[in-house]
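Asks: Pasting a structure below so you can have a look.
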Amino acid sequence: MTYRFDLSKSITDIGSVDWERLAGKSHPFIRYEFLEALESSGAVSVQTGWQPLHLRLFEDDECILILPLYLKNHSYGEYVFDWAWADAYERHGLDYYPKLVTSVPFTPATGPRIATNKPLTEVLPLLSQIIKQVCAERGISSWHGLFFEGEQHQHMKAQNFICRLGTQYHWFNKDYLSFEHFLEGFNSRKRKSIKRERQKIAEQGVTIKCIEGSDITESLLNTFYHCYHLTHLKRGRQGYLTQDFFSNLLQTMPEQIVLFAAQYESKYVATALCFKDSQTLYGRYWGCIEEFHSLHFETCFYTGIEYCMQHGLQRFDPGAQGEHKIQRGFEPIETWSSHYISNPSFKQAIVQFLEEEEALMRTQISELSKGLPFKKR
């Protein structure tokens with residue numbers, strides 16, 4: 001057997017057949033359709049600092065592995081923050097950018113990152129060599145694999161990649177029969193607080209509708225995008241994603257899209273666009289046209305929790321950051337990224353930094369867990 005690899009500057013150069021054969025269609029963010037929509041809509045491009053450079057590994061003439069890969073000249077849209085590393089390089093007169101990143105752009109959701117039909121233990125030694133070779137040949141400072149799921153993260157660690165611990169807040173379905181059943185496990189004060197928030201929505205005359213996939217009309221998509229865009233404008237910046245991106249997804253993978261839309265006096269005033277697979281609901285894009293008390297919590301959290309219960313989903317990943325999720329029953333969980341640093345001196349400094357950071361992060365996760373609203377057992 002002989003092995004070779006190549007790098008593709010567009011996902012269309014690889015095509016959907018091999019991609020689907022190796023990555024499947026179950027996880028929404030690693031699907032060919034999702035990543036192709038990012039490229040075709042212009043959200044991912046040389047101009048935005050996300051140059052596709054997808055890696056394929058061949059065994060003889062068969063493609064046995066695909067690694068989504070991007071050449072980057074900044075660290076925006078990643079949600080694993082390495083700005084301090086870039087600053088340290090600059091202070092020492094070295095170039096941190098360009099760097100290589102394996103991730104789903106603008107999507108901090110843990111999931112599969114390496115698509116292969118071979119055992120990971122068989123192909124990862126080869127992939128490790130290739131990553132180091134590409135960095136050396138192109139003068140690239142580093143490679144970063146973001147939000148790797150557990151099995152892939154552990155195998156990367158076995159290949160001596162540096163691993164970084166982070167945290168998010170996820171909801172887990174413990175065979176709840178209803179939202180009331182879920183709240184029964186809360187202490188009295190927190191249970192009353194959430195009930196008051198939900199009651200506020202009813203008192204204001206706001207209702208939430210769930211619209212899925214092909215039932216999302218063009219008019220409703222326009223409303224959603226207006227909400228999404230306003231959210232970023234309020235923070236003084238533009239959204240990463242275009243309306244073409246969302247329109248494309250509604251055409252190519254509607255079965256994995258769920259929209260929660262808040263309605264007031266017959267018009268939509270807020271939306272939250274989610275994705276799903278067989279086990280998990282992923283909350284991603286929120287925005288509102290009008291402000292209402294507790295509307296964000298109802299649209300982005302409570303309605304999603306109810307959706308999971310009704311459809312037998314086991315987990316709700318509502319997106320990155322937000323310690324306010326803890327008091328609403330979202331538990332702090334570990335997230336992991338893997339890193340290769342080509343400069344030996346900086347590698348050692350970063351290893352030391354990450355060891356100290358991991359100890360602090362574990363303490364933080366432990367402390368955050370104490371803020372969960374559940375009754376003490």
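Asks: Is it true that Pro105 is modelled with pLDDT of 95 or more, in contact with a Gly (Cβ under 6 Å, 6 or more places away or on another chain) and crowded, with 22+ Cβ neighbours inside 10 Å? Break it down into steps so the answer makes sense when it comes.
Replies: Values: modelled with pLDDT of 95 or more: yes; in contact with a Gly (Cβ under 6 Å, 6 or more places away or on another chain): yes; crowded, with 22+ Cβ neighbours inside 10 Å: yes.
Judged against the criteria, Pro105 is a match.
Asks: When you scan the stretch 213-220, do you find a residue that is β-branched (Val, Ile, Thr), assigned to a helix (DSSP H, G or I) and touching a strand residue (DSSP E or B) at 6+ places or on another chain (Cβ under 9 Å), even just one?
Replies: no
Asks: What pairs come out if I take residues in the stretch 17-30 that are in a loop (DSSP other than H, G, I, E, B) and pair them with residues that are open to solvent by 10 Å² or more (accessible area, probe 1.4 Å) whose C-beta lies under 6 Å away, six or more apart or interchain?
Replies: Cβ pairs passing all conditions: Ser26/Asp277; His27/Pro112; His27/Asp277.
Asks: Condition first: in a strand (DSSP E or B), hydrophobic (A, V, I, L, M, F, W, C) and open to solvent by 10 Å² or more (accessible area, probe 1.4 Å). Now tell me which residues in the stretch 46-76 satisfy that.
Replies: Matches in the stretch 46-76: Phe58, Leu71.
Asks: Continuing with this model, one more query. Looking at the structure I just gave you, is Gly304 at pLDDT below 95 and within 20 Å of the chain's Cα centre (by Cα)?
Replies: Considered against the rule, which asks whether it is at pLDDT below 95 and within 20 Å of the chain's Cα centre (by Cα), Gly304 comes out as no.
Asks: Further question: I want to confirm something. Restricting to the stretch 156-185 and keeping residues that are of a type in the set (Asp, Glu) and either in a loop (DSSP other than H, G, I, E, B) or touching a strand residue (DSSP E or B) at 6+ places or on another chain (Cβ under 8 Å) (or both), which single residue is surrounded by the fewest Cβ atoms within 10 Å (Cβ to Cβ)?
Replies: Ranking the qualifying residues of the stretch 156-185, first place goes to Asp175.
Asks: Right, next: For the stretch 217-242, how many residues meet the condition of being of a type in the set (Gly, Ala, Ser) and closer than 12 Å to Tyr285 by Cβ?
Replies: Going through the stretch 217-242 one residue at a time, the tally reaches 1.
Asks: Here's another thing I want to ask about it. Determine which member of the set Val269, Val258 is of a type in the set (A, V, I, L, M, F, W, C), more than 25 Å from the chain's Cα centre (by Cα) and assigned to a strand (DSSP E or B).
Replies: After applying the criteria, what remains is Val269.
Asks: I want to confirm something. Restricting to the stretch 1-13 and keeping residues that are open to solvent by 20 Å² or more (accessible area, probe 1.4 Å) and in a helix (DSSP H, G or I), which single residue is farthest from Leu249 (Cα to Cα)?
Replies: It comes out as Asp13.
Asks: Further, regarding this structure: Go through the stretch 182-200 and count every residue that is touching a residue at least 24 places away in the same chain (Cβ under 8 Å), over 20 Å from Gly283 (Cα atoms) and not charged (D, E, K, R).
Replies: 4
Asks: Without any contact (Cβ under 8 Å) to a residue 12 or more places away in the chain and closer than 25 Å to Glu149 by Cβ: does that describe Leu360?
Replies: Criteria met by Leu360.
Asks: Another question, then. Taking interchain pairs and intrachain pairs at least six residues apart, which have beta carbon atoms under 6 angstrom, with the first residue in the stretch 51-76 and more than 21 Å from Tyr32 (Cα to Cα) and the second at pLDDT 95 or above and open to solvent by less than 10 Å² (accessible area, probe 1.4 Å)?
Replies: Pairs that qualify, where the first residue is more than 21 Å from Tyr32 (Cα to Cα) and the partner is at pLDDT 95 or above and open to solvent by less than 10 Å² (accessible area, probe 1.4 Å), are Asn73/Gly49; His74/Gly49; Ser75/Asp82.
Asks: Being open to solvent by 10 Å² or more (accessible area, probe 1.4 Å) and small (Gly, Ala, Ser) is the filter here, so list the residues in the stretch 293-328 that pass it.
Replies: Once the filter is applied, which keeps residues that are open to solvent by 10 Å² or more (accessible area, probe 1.4 Å) and small (Gly, Ala, Ser), the stretch 293-328 yields Ser294, Gly312, Ala320, Gly322.
Asks: Scan the stretch 333-373 residue by residue and report those that are out of contact with any helix residue (DSSP H, G or I) (no Cβ under 6 Å at 6 or more places or on another chain), polar (S, T, N, Q), assigned to a strand (DSSP E or B) and within 17 Å of Trp143 (Cβ to Cβ).
Replies: Selection gives Ser337 alone.
Asks: Scan the stretch 85-98 and report the pairs whose first residue is open to solvent by 100 Å² or more (accessible area, probe 1.4 Å) and whose second residue is part of a loop (DSSP other than H, G, I, E, B), with Cβ atoms within less than 9 Å and a gap of 6+ or a chain change.
Replies: Final answer for the pair search is Glu90/Tyr96; Asp95/Gly139; Asp95/Ser141.
Asks: A follow-up question, please. For Ser193, only one of the following conditions fails: (1) under 16 Å from Leu259 (Cβ atoms); (2) of a type in the set (Gly, Ala, Ser); (3) modelled with pLDDT of 95 or more. What is its number?
Replies: Answer for Ser193: the failing condition is (1).
Asks: While we're looking at this one, here's another question. Within the stretch 270-292, take every residue that is surrounded by fewer than 18 Cβ atoms within 10 Å (Cβ to Cβ) and in contact with a strand residue (DSSP E or B) (Cβ under 7 Å, 6 or more places away or on another chain) and give me the one that is nearest to Trp171 (Cα to Cα).
Replies: Here the answer is Gln279.
Asks: Tell me, yes or no, whether the stretch 294-317 has at least one residue that is out of contact with any Cys (no Cβ under 7 Å at 6 or more places or on another chain), basic (Lys, Arg), in a loop (DSSP other than H, G, I, E, B) and under 28 Å from Leu360 (Cβ atoms).
Replies: no
Table: residues versus (1) closer than 30 Å to Ala43 by Cα; (2) in contact with a Lys or Arg (Cβ under 9 Å, 6 or more places away or on another chain); (3) open to solvent by less than 60 Å² (accessible area, probe 1.4 Å).
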| position | (1), (2), (3) |
| --- | --- |
| Lys190 | no, yes, yes |
| Glu203 | no, no, no |
| Tyr228 | yes, no, yes |
| His232 | yes, no, yes |
| Leu249 | yes, no, yes |
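Asks: When you scan the stretch 329-349, do you find a residue that is crowded, with 17+ Cβ neighbours inside 10 Å, touching a residue at least 40 places away in the same chain (Cβ under 8 Å) and closer than 24 Å to Gly239 by Cα, even just one?
Replies: no
The values are calculated or read from the model by the stated rules, or taken from the named source; none is laboratory data. Everything quoted here is computed from the prediction, not taken from an experiment. Cβ atoms come from the backbone with ideal geometry, glycine included; neighbour counts cover every protein chain shown. For the accessible areas, the whole protein counts, side chains as well, though only heavy atoms, and no ligand, DNA or RNA atoms are used. Shrake-Rupley method; radii C 1.70, N 1.55, O 1.52, S 1.80 Å.
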